[in-house]
Amino acid sequence: MNSAKSTILIPTYNRSDYLSRLLQFMVANFNPELVKVVVLDGSDKEASKNKELCLKTGIEYRYYGPEIPILERWLAGIRSTETEFVSFLADDDILQPDGYYDCLNFLQSYPQYSIAHGNYVWFLEQNEQTLLYPGYQTFSIEHESSLERLFYFLADYIPITYGVYRTDILRTAYEETISNLALDNLHFTELLSGCIPVLLGKVKKLATNYYGRNMGDSSPRPVMIYPKLVFAEDFSYRYGQIKSTLKNILNDNINPEIAEDALDYCFGAYYGKILNRANVTQHFTRLLDSAINSG
């Protein structure tokens, strides 16, 4: 009988070299009696290689194909998860085993928390050396009020996509996101799938090394949204879908008259930060520079 506490889902797409390296690391560093690892493959060219890698390492393999949108693949993986806890791991990133186990132990001890994670670091492999950079400056969100948690999450927004989650909560987040939003806009789907777990429970950032993100040849993660998004024709409609979904998830003890305005303030804090002068100036300068360089 499998006594695993958690499942790590690894989405992959035509990157068998990265996947091979990661699976070897997972087999060497994670106890399969505690943590189950599953590959969610959407590849159109390297599926046979990926399946062979999983057979060699004894890791479960599920093939979906590229025609299935990535969020639907993720939800399929969550729905088939039988453990109490679940997390995602990108095929070119890495998890620190001790930090991951710390997150599991914390969630088992504190049922009012829906997510646990720790310190993030960016890494870049260059000239046979690995360069490390500080990652997300994450924080705990431990207010008793679900609306307060949402406000402070959005006011200082940092994605927590790769944290350790209670499986039922993450399943709810992706089911609601896919049911209520079009999947052609990653900005809105990331926001909604991130907000729902924060409404449903507290978030703990532990003082432990948790996640390493491969930066490849890119700079650290840019802001997800450009200022012009707020002025798009469909913004009001899409935002209305998000707000309606979150209102339905709020606890019954929240005054519906307050909830409407409170959600607007939550997202006002998020978009206000993105649309401040420094941020807009940065994007404006970048836009002009790209036009000059392309000319």
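Does Lys56 count as without any contact (Cβ under 8 Å) to a residue 12 or more places away in the chain and farther than 25 Å from Gln108 by Cα? Taking the combined requirement at face value, the residue satisfies it. Taking the criterion of being buried (at least 20 other Cβ atoms within 10 Å of the Cβ), part of a loop (DSSP other than H, G, I, E, B) and either of a type in the set (D, E, K, R) or touching a helix residue (DSSP H, G or I) at 6+ places or on another chain (Cβ under 9 Å) (or both), would at least one residue in segment 91-103 satisfy it? The answer is yes, given that some residue of segment 91-103 is buried (at least 20 other Cβ atoms within 10 Å of the Cβ), part of a loop (DSSP other than H, G, I, E, B) and either of a type in the set (D, E, K, R) or touching a helix residue (DSSP H, G or I) at 6+ places or on another chain (Cβ under 9 Å) (or both).
Look at (1) within 24 Å of Gly135 (Cα to Cα); (2) assigned to a helix (DSSP H, G or I) and you find that Val86 fails only one, number (2). Can you name the residue in segment 261-276 that is at pLDDT below 90 and either within 22 Å of the chain's Cα centre (by Cα) or not aliphatic (A, V, I, L, M) (or both) and is also farthest from Arg171 (Cα to Cα) among such residues? The residue in question is Asn276. The residues on offer are Ile292, Ile258, Ile254, and the sole one that is aliphatic (A, V, I, L, M) and at pLDDT 85 or above is Ile258.
The values are calculated or read from the model by the stated rules, or taken from the named source; none is laboratory data. What you are looking at is a predicted structure, and each value in this text was computed from that prediction instead of being measured. Quick reminder, even Gly has a Cβ in these numbers, built from the backbone with ideal geometry, and neighbours come from all protein chains shown.
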